[in-house]
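Visitor: Take a look at the following structure, please.
The values are calculated or read from the model by the stated rules, or taken from the named source; none is laboratory data. Remember, predicted model here, so these are calculated numbers, not experimental data. We place every Cβ from the backbone using ideal geometry, glycine too, and count neighbours over all the protein chains shown. Remember, those area values only see protein heavy atoms, side chains included, never the ligands or the DNA or RNA. Shrake-Rupley method; radii C 1.70, N 1.55, O 1.52, S 1.80 Å.
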Amino acid sequence: MILDEICPNVDAQLLTYLKNIVGSVSKKKKKKRRPKAPKSATRSSQPPGRAADGKNKNSQDGKPGEHKGTRPKRKRRTKLYKRRRKKTDGEKAVNKMLGKVPEEDLLTQMISELVKAHIIKKLENPKPLSDFVGDINVLGSHYQKEDIFEAPSMAQLRACVTVYGILPLGEQYVQDVQYKSPNGPTKAMLLVGPKGTGKTLLSRAIAGHTDAIFMDLSPANVEETFKNKEKTAAYIYMCFKVAKKFSQHGKPTVMYIDEAERVWSMPFKDKGSAETKTAFLKFYRPCFKHMRKYLDEAKKSLKPGKSTGRAPRVLIVGNTSAPKHEFGDKKALTDFFGKKGGKIFFTPIPDTSTRLQIWKHYINKTTLNVHVLALNKEFSMSILGHISAGYSAGAIRAAVAITLSESKAMQIHKVLRSGRVSSLTTQDFVSALSKVSCVYKEEYKIFIDFANSVNGEKKRREIKANPEAAAEKIEGKGKGKGKGRNKNNRRR
């Protein structure tokens, strides 16, 4: 059951990993006991400090009870006690859930529990990173000089995901180097963007290229499993324990959290209306508060092993299409994914040149050739590229699927084989676009504002627009600190 659910095409390899893990636990070196010293036959029964005749050794002129100066201090026998490490909430919860399980079988029990809970999943049809279609932004440097914010290109996103996701997980040496670097490793990654911009594709591509174990911790997947605090602590502990063990044997792990804004959400205030309250109850679950706490603790525990020195190859990948949700805690979300050991990437809607490539990519996937379809004068790729402005890659894929079904593609192939021109026109794709959703300017502005606030662009622009006010703010902060210090010094 475990082999069927974890990963495709890794059956024999996974079995060897499991055997190695179980074998390393059972083969512990037994401590050699030191032989006891033989009891001395001439040991005196008198207490220390007294001779055999009952006189005090320290007495003056051999008189008992009388001594000169202070009595010598006796050496106290100090016992060295090892400090017992306190068990975490996760360890206690796992012991309660699994009961008394031998150490040899503990890991396999944890894996089977995670498989039964559908947290460890088989990654079906993982798409390669090349399916994230798009090229560099040629005018990006020009916009940067003009101080105009331009979203990252698809080529930049592919490069970032490769450097911070695929390479560290795929090679142990790269992960070790990142842990030693001043910027630190990438333990968590957040992909922010509208629906259909390729966030899930990038997450699965990371796991697919590195042949990693895929753990789904999305709220929709675990809200029924994480019923209370104990179960949440137990499953989070098991996830990271299993991931670390597999990492020791060369198997990386990707922990996927879709709709991350639900996990990092704010408590509800009673001042809201009844409609707001019902919306909050659909959005929030009590287990998310505990999940957030134990994820923070587990992320901090991702450190190189003391004996091996190897860094754990574990990556938490979060996706969100609502970074500024009314019930979401933006600060907590950015702190977890953006501060030490985190990266936040913005996945934008495609520009005109990228949209042309996406149309061509998905039309060619239906076994039709764009150049052959262009023989019809009423079919124009450039019109499709311009008219689909504001639509994501997912929306364009859906429009192609609506227009070119299997039966429709077969009919066009028959027409082309007979030597005639295809009857497919641009209007067919435009009517399909009207059935899918697009991203409006007001909605897209929210994502741009979030990206600017996270990457420091907003502060940079404020300083550039009004440098005097920014300098006064900095001076005011410095004065406040100085005043406080002087007062403390005076009190002392």
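Visitor: Take the alpha carbon atoms of region 240-265, find their center, do the same for region 92-115, and report the distance between the two centers in whole angstrom.
Guide: Their Cα centres are 18 Å away from one another.
Visitor: Rank these residues by their accessible area, most exposed first, probe 1.4 Å: Tyr235, Tyr440.
Guide: Sorted descending by solvent-accessible area, the residues read Tyr440, Tyr235.
Visitor: While we're here: With a sphere of radius 15 Å drawn around the Cβ of Leu201, what net charge do the other residues whose Cβ falls strictly inside it have (Lys, Arg +1; Asp, Glu -1)?
Guide: Net charge in that neighbourhood comes out at +4.
Visitor: Select from region 296-403 those GluC sites (Glu not before Pro) which occupy a DSSP coil region and have at most 13 other Cβ atoms within 10 Å, ordered by residue number.
Guide: Those satisfying the criteria are Glu326, Glu378.
Visitor: If you don't mind, there's one more thing I want to ask. Residue by residue through region 95-104, what is 3J(HN,Hα) from phi via Karplus (6.51 cos²θ - 1.76 cosθ + 1.60, θ = phi - 60°)? Round to whole Hz and write x for glycine and proline.
Guide: Rounded to whole hertz, the list is 4, 6, 6, 8, x, 7, 10, x, 4, 5.
Visitor: Oh, and also: If I ignore ligands, DNA and RNA and count only protein heavy atoms, how much of His371 is accessible to a 1.4 Å probe, in Å² to the nearest 10?
Guide: Rounded to the nearest 10, that gives 130 Å².
Visitor: Any idea how far the Cα center of region 277-323 sits from the one of region 358-387, in Å?
Guide: If we compute the Cα centre of each part, the gap is 43 Å.
Visitor: Take the cross-link list Lys330/Lys441; Lys277/Lys299; Lys187/Lys251; Lys303/Lys343; Lys251/Lys343 and give me the ones stretching past 25 Å between alpha-carbons.
Guide: Over 25 Å apart, Cα to Cα: Lys277/Lys299.
Visitor: Here's something else I'd like to know. Of Lys92/Lys122; Lys269/Lys324; Lys87/Lys339; Lys199/Lys324; Lys86/Lys116; Lys92/Lys289, which ones are farther than 25 Å apart at the Cα?
Guide: Beyond 25 Å between Cα atoms: Lys92/Lys122; Lys87/Lys339; Lys86/Lys116.
Visitor: Modelled label-to-label distance, Phe268 and Ile383, 7 Å Cα→beta-carbon offset: nm?
Guide: 5.1 nm
Visitor: Can you list the HN-Hα couplings for region 387-394, worked out from phi with the Karplus curve (6.51, -1.76, 1.60; θ = phi - 60°), rounded to whole Hz and with x for Gly and Pro?
Guide: 6, 8, 5, x, 9, 7, 5, x
Visitor: Where Rh denotes the Kirkwood radius from the mean inverse Cα pair distance, what is Rg over Rh for region 278-394?
Guide: Computed over Cα atoms, the ratio is 1.18.
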